[in-house]
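Data block below; observations after.
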Amino acid sequence: MTKTTSPAQESLQLATPDGGTTNVEKYEFEPIKGYPMLSWRGKRPFSSTQYYPAQLKEIHGEEVDGWRNKIYWGDNLQVMSHLLKQFRGKVDLIYIDPPFDSKADYKKSISSKGSSAQSDRTVFEEKQYTDIWTNDEYLQFMYERILLLKELLSEKGAIYLHCNVGKGHYLKCILDEVFGADNFRNEITWCFKTSLRSSPRAFGRDHEQIFFYSKTSQHTIHPDKADFPSSESTIKRWGPYADENGFVSNKHFAGSDSTIIDTTDETKGFNINHGIPRDWWEISSNVAKGNTDQVKFGKYPTQKPEELLERIIKASSDPGALVFDCFMGSGTTQAVSMRLGRRFLGADVNLGAVQLAAKRLLDIASTPVQQSLDAEGKNTGTTIYPGIEVFNVNHYDIFRNPVQAKELLLESLEVQKLEFSTVFDGEKDGRMVKIMPVNRIATRADLNELIAGFDYKAWERRQNESPNRPVEKITLVCMGHEPDLAAQLELAAKPFMIDVEVVDILRDKANLEFKRDSEAKVVIKKGELVIAKFYPMNLLQKLSLQKESVADWKDLVESVMIDWNYDGAVLQPAVVDIPARDELVKGAYKVPADAGTIRVKITDLLSESWEGSVGNGD
């Protein structure tokens with residue numbers, strides 16, 4: 001396998017929200033050669049990517065050894081393209097639990113807070129994300145991201161890719177192509193302790209797969225640290241011969257027909273406290289009854305148990321190592337990394353996931369000293385990194401819920417939706433409208449689907465009828481775009497003449513209203529900052545559909561954060577009021593004597609936020 005060289009960095013002009021351009025770096029990758037490759041319709045080479053900007057939105061906690069952990073809200077392809085500049089070849093461990101193409105919409109159950117019984121609360125579901133793909137679209141999506149993940153890995157790094165039996169065989173082919181088959185280490189079977197699915201036409205499916213690949217043969221690996229329990233039969237048989245540390249010496253089983261592997265010190269025998277590391281892991285699923293992971297802030301639809309991540313992180317990283325999960329969901333990878341003294345990066349496309357992960361991490365960071373203690377309460381000496389920075393990538397906060405983005409755009413632009421077209425999304429004023437992939441900059445590669453669907457027969461007929469008129473008028477709606485996007489589409493249509501216009505949401509968003517902004521009244525009375533009123537408009541609208549009124553605004557709030565000396569750019573909360581599920585925020589907070597410009601952020605049950613500034617003395 002050829003070794004990837006340093007990226008060739010060349011000047012690339014990129015459109016900015018104000019209509020200008022800026023120079024960014026373009027990263028080139030050397031393709032892998034010499035291995036079998038999986039093919040699919042529309043497979044596109046991914047040999048380069050460009051730098052995407054990120055906006056620092058919040059800072060929590062202090063740096064430790066010059067480091068704060070970082071989580072990003074945005075398309076992980078753009079997040080990774082952003083991270084390449086600083087972290088290329090520096091990530092020690094990657095775990096990802098990507099979409100499985102499960103053909104399902106995942107929803108979050110929203111319920112009002114308060115002390116009333118759960119059965120008495122208003123409950124409705126909010127769609128979080130969709131896991132419905134065409135096969136080719138899914139494979140291209142994963143292929144591009146796996147390539148970038150490899151670029152981020154250090155020479156001693158490893159990746160664990162979590163998948164199911166439906167897509168696992170495809171993903172393993174892609175992993176072989178990108179990492180090389182000789183860097184395949186294990187196919188780990190995660191078996192649930194009880195079967196979760198049954199069918200009269202098949203056997204119950206009670207396992208998922210985790211593919212373990214390394215960047216090189218020099219990867220970090222500590223199987224003995226991964227907490228593999230010994231079987232009951234092993235403990236019963238050899239326990240009487242074990243010393244106070246659990247070791248059974250060679251003399252007790254010499255000549256036995258049993259094969260015993262000591263993962264700690266082969267010269268001494270084996271330790272009954274540590275089972276033999278193997279590639280079949282029996283760990284309860286998070287949806288199993290009685291699993292209590294993260295009940296404090298609620299569950300995420302596809303959340304994984306902490307025990308699973310603990311085993312992976314302990315086995316393939318050392319304290320202080322940098323861990324990355326770009327499909328972080330509720331933040332289990334990041335939560336376990338923080339507890340185990342690893343640094344981390346995280347990213348997710350879903351705002352609800354980012355908000356939930358942040359709450360979970362801030363809760364852990366509030367008691368960091370306890371996390372460096374072992375089971376007996378002794379200090380392990382492991383450095384804990386509790387600081388967190390929260391970023392948006394590519395002005396991602398235009399959409400609160402990416403699943404609804406296309407529908408919101410069609411409605412806001414007053415586009416007539418086309419139900420049966422496979423190429424265009426709508427029509428307006430005689431122009432065919434195509435919604436490009438939103439929440440990232442549109443590139444020439446994003447035009448391929450549109451070009452493949454050109455109706456050349458219809459165009460030929462129109463050209464014969466009116467030779468001097470465009471055969472098609474097309475409007476591309478995007479969120480940022482390469483400067484020559486329209487020209488590229490017109491060139492691809494040759495010899496036919498088409499009229500292409502680009503509506504750029506970043507530049508034109510002043511004319512669009514995607515949601516009703518929340519409102520709040522915050523005042524200072526007798527030395528206290530008091531939230532007098534809070535109206536989360538979208539949430540209240542959804543509650544009205546349930547024919548429900550809420551008397552106390554606190555029932556609708558997930559968190560309140562206050563920065564007593566706001567610098568006008570980045571929120572650095574000194575007050576982080578994140579109550580548990582059945583508790584309420586305080587709503588009144590003592591103002592310190594040295595407070596200046598006060599910034600308040602109130603986040604509701606839909607993960608939508610109101611932010612406002614209050615001058616001390618207002």
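Only the coordinates and a few stated rules stand behind these numbers; no lab work does. No experiment lies behind these values; they were computed from the predicted model shown. So basically every Cβ, Gly included, is an ideal-geometry build from the backbone, and we count neighbours across all protein chains shown.
Per-structure values
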read-out	value
Cβ-derived FRET efficiency at R0 22 Å, Glu155 paired with Glu30, nearest 0.05	0.90
Potential lengthening between His169 and Tyr535 on full extension [0.36 nm per residue; Cα-Cα distance subtracted]	126.9 nm
Taking Ser317, Ser231, Ser199, Ser214 and counting other C-beta atoms within 10 Å, the order from fewest to most	Ser199, Ser231, Ser214, Ser317
Relative contact order (%) - criterion: Cα under 8 Å, at least six apart; region: region 519-615	30 percent
Shape metrics for region 41-100, restricted to C-alpha atoms - Rg then Dmax, Å	14.6, 49
Range of Cα positions in region 519-615 per principal axis (Å), largest first	45, 27, 23
Region 402-511 - Kirkwood radius from inverse mean 1/r over Cα pairs (Å)	14.5 Å
Under the Karplus curve 6.51 cos²θ - 1.76 cosθ + 1.60, θ = phi - 60°, whole-Hz ³J(HN,Hα) for region 462-474, x wherever Gly or Pro sits	5, 5, 5, 6, 9, x, 9, 10, x, 7, 7, 10, 10
Least to most buried among His274, His162 (fewest other Cβ within 10 Å first)	His274, His162
Modelled FRET efficiency - R0 51 Å, Ser39 with Glu244, Cβ distances, 0.05 increments	0.30
D (Stokes-Einstein, µm²/s), Kirkwood Cα radius, region 550-603, 0.890 mPa s at 25 °C	204 µm²/s
Ranking of Asp325, Asp577 by count of other Cβ atoms within 10 Å, fewest first	Asp577, Asp325
